[in-house]
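This report concerns only the one structure given below.
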Amino acid sequence: MMQREIRADEMVAAAARVARIAENARVGVVTGAGVSVASGVPDFRGNTGLWVRFDPMEYATISAFREDPAKVWRMFRAVDDVLRGVAPNAAHDAIAALERLGLSPGVVTQNIDGLHERAGSQRVVSVHGHTGELHCIYCGASYARGSVAPEADGVPYCGCGRALKPAVTLFGEELPAMAMTTARRMTEDVDVLLVVGTSGMVAPANTLPDMVQARGGRVVEVNLSPHPVAATGKEDVFLRARAEHFMPALVQALSGESA
Ligand SMILES: [Zn+2]
């Protein structure tokens, strides 16, 4: 299964191959951390500075938040600092173009960085939540991110007096059920599912390829490492390529225009 990375001069041929599969098809897109690496967003699983300073298993858990919200907010602020400095890359632009061209119903993402929205994608289902909203895990209230100022301890508090957290799913916390229902509905009638840059697709997003294949649809994985869809044999086509190289080539092949 290990194959070498597709070279730049082979990208047009690789895109043409997928375009033949996706021609006249409804194309669903699922993304993970790999699409944002070129934007400078560190992969949770990668060994980058941010996650060396804030071990996700120590900081990004719901029990850590319940015990010491100020500590977890130090991590959230570090994440905010990173996200403030990044911009969408060619992969985000290409995925937005697929939707704009009427080829795709939208994108399901495991990322919390908001880069699909910033690239112009209209329908974005964030199955792990997003940083633009604050949520109270105690009373269920929600607030726009900028509408509640943090107290001296760096934590914004709910009207009920408890600590608020960004509406991002932490380890040990249930995924937003609504988002997953929307993701399934969006994927219901796609003929081809592009799984792009998911270095660690986790439940329940990893049920989407099965769902598409069970209806006779095809799954195309674009990733730098053959993992985890390819590892489980769920993909019909595996392309070892960087999302920011392959996705613009695919849009070009499908539409004749560049993203
Ligand atoms: Zn509350």
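Laboratory data are not the source of any read-out in this text; all were calculated from the coordinates shown. Everything quoted here is computed from the prediction, not taken from an experiment. Here Cβ is always computed from backbone atoms with ideal geometry, including for glycine, and neighbour counts include all displayed protein chains.
The table for this structure:
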item: Least to most buried among Trp51, Trp73 (fewest other Cβ within 10 Å first); result: Trp51, Trp73
item: Karplus-derived HN-Hα couplings along the stretch 91-106 (A = 6.51, B = -1.76, C = 1.60, θ = phi - 60°), whole Hz, x at Gly and Pro; result: 5, 4, 4, 5, 5, 5, 5, 4, 5, 4, 7, x, 8, 9, x, x
item: Charge dipole magnitude, Cβ of K and R +1, D and E -1 - the chain, Cα centre, debye nearest 20; result: 80 debye
item: ³J(HN,Hα) computed for each position of the stretch 31-36 - Karplus, 6.51 cos²θ - 1.76 cosθ + 1.60, integer Hz, glycine/proline x; result: 10, x, 3, x, 6, 9
item: Amide H contacts under 5 Å for Val29, placed H, 5+ residues apart; result: Gly106, Val108, Leu194
item: Estimated inter-spin distance, Gln122 and Tyr138, nm [label 7 Å along Cα→Cβ]; result: 4.1 nm
item: Helix-only [θ]222 nm of the chain, DSSP H runs n ≥ 4, -39500 (n - 2.57) each, per residue, nearest 500; result: -10000 deg cm²/dmol
item: Sequence of Arg4, Arg215 once ranked by neighbouring C-beta atoms within 10 Å, starting from the fewest; result: Arg4, Arg215
item: Rounded to whole Hz, the Karplus (6.51, -1.76, 1.60) HN-Hα couplings of the stretch 123-135, x for glycine and proline; result: 9, 10, 9, 9, 6, 9, x, 8, 8, x, 9, 10, 10
item: Radius 12 Å from Cβ of Leu134, net charge of other residues (Lys, Arg +1; Asp, Glu -1); result: +2
item: Order of Lys165, Lys234, Lys71 under a 10 Å beta carbon neighbour criterion, fewest first; result: Lys71, Lys234, Lys165
